[in-house]
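Any read-out appearing in this document is the output of simple, stated calculations on the displayed coordinates, not a laboratory observation. From a predicted model like this one, the values you see are computed outputs, not experimental measurements. When we count neighbours, we look across all protein chains shown, and the Cβ atoms used for this are built from the backbone with ideal geometry, even at glycine.
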Amino acid sequence: MSSPAAGAPPLVLLVDDYEDNRRLFAEYLELSGFRTAVAGNGAEGLAKANALHPEVIVMDLAMPDLDGFEVTRRLRADEGTRRTPVIALTAYPMGYSRHAALAAGCDAYLTKPCGPRQLLAEIRRLLDAAR
């Protein structure tokens, strides 16, 4: 996991194919003191994770083409992103998908609808654990 430049707020990368979700969470996180970057699909999420080195990645699991499970597996296989915490944020029910997300390398699992406060609490928990 990378660390932000001295004094810079942590960067959270939001990867979700629904623009409304990206916008809602980005706005809330920015108002809560974080920097954000967004990606509308898995390939863009991978590219931004490698280019920007966020402190936390929030990953939708159900995206067309390259889903969040595969993106997370690729992040874990890459030395540069291997330790970056990934939060699965999905409409999938808890059962199998929770197990599959954690097996793919996600550090936490939240289901939609998820309130911004719940996501913020999980991001802070993971950042605190990484210190």
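With respect to Ala47, is the statement that it is on the phi < 0 side of the Ramachandran plot, surrounded by fewer than 16 Cβ atoms within 10 Å (Cβ to Cβ) and small (Gly, Ala, Ser) true?
yes
Do we find that Tyr92 is exposed (fewer than 14 other Cβ atoms within 10 Å of the Cβ), out of contact with any Pro (no Cβ under 8 Å at 6 or more places or on another chain) and among the aromatic types (Phe, Trp, Tyr) in this structure?
no
Please specify each residue of region 40-63 satisfying the condition of being touching a Gly at 6+ places or on another chain (Cβ under 9 Å) and closer than 12 Å to Val86 by Cβ.
Correct list: Gly45, Ala49, Ile57, Met59, Asp60, Leu61.
Looking only at region 25-44, which residues are surrounded by fewer than 23 Cβ atoms within 10 Å (Cβ to Cβ) and either over 23 Å from Ala8 (Cβ atoms) or without any contact (Cβ under 8 Å) to a residue 12 or more places away in the chain (or both)?
Listed by number, the residues that qualify are Glu27, Glu30, Leu31, Gly40, Asn41, Ala43.
Within region 38-68, which residues are under 17 Å from Ala101 (Cβ atoms), out of contact with any Pro (no Cβ under 9 Å at 6 or more places or on another chain) and of a type outside the set (Gly, Ala, Ser)?
Leu46, Val58, Met59, Asp60, Leu61, Met63, Leu66, Asp67, listed by residue number.
Of the residues in region 37-83, how many are of a type in the set (A, V, I, L, M, F, W, C) and assigned to a helix (DSSP H, G or I)?
10
Only one of these conditions is not met by Asp128: (1) in contact with a Phe, Trp or Tyr (Cβ under 7 Å, 6 or more places away or on another chain); (2) of a type outside the set (S, T, N, Q); (3) more than 16 Å from Leu14 (Cα to Cα). Which number is it?
All conditions are met except number (1).
Here is a list: Asp60, Asp16, Asp20, Asp67. Which entry is charged (D, E, K, R) and exposed (fewer than 14 other Cβ atoms within 10 Å of the Cβ)?
After applying the criteria, what remains is Asp20.
Please work out which residue is farthest from Val12 (Cα to Cα), limiting yourself to region 84-111 and to residues that are in contact (Cβ under 8 Å) with a residue 40 or more places away in the chain and either in contact with a Ser or Thr (Cβ under 9 Å, 6 or more places away or on another chain) or part of a helix (DSSP H, G or I) (or both).
Once the filter is applied, the top-ranked residue is Ala101.
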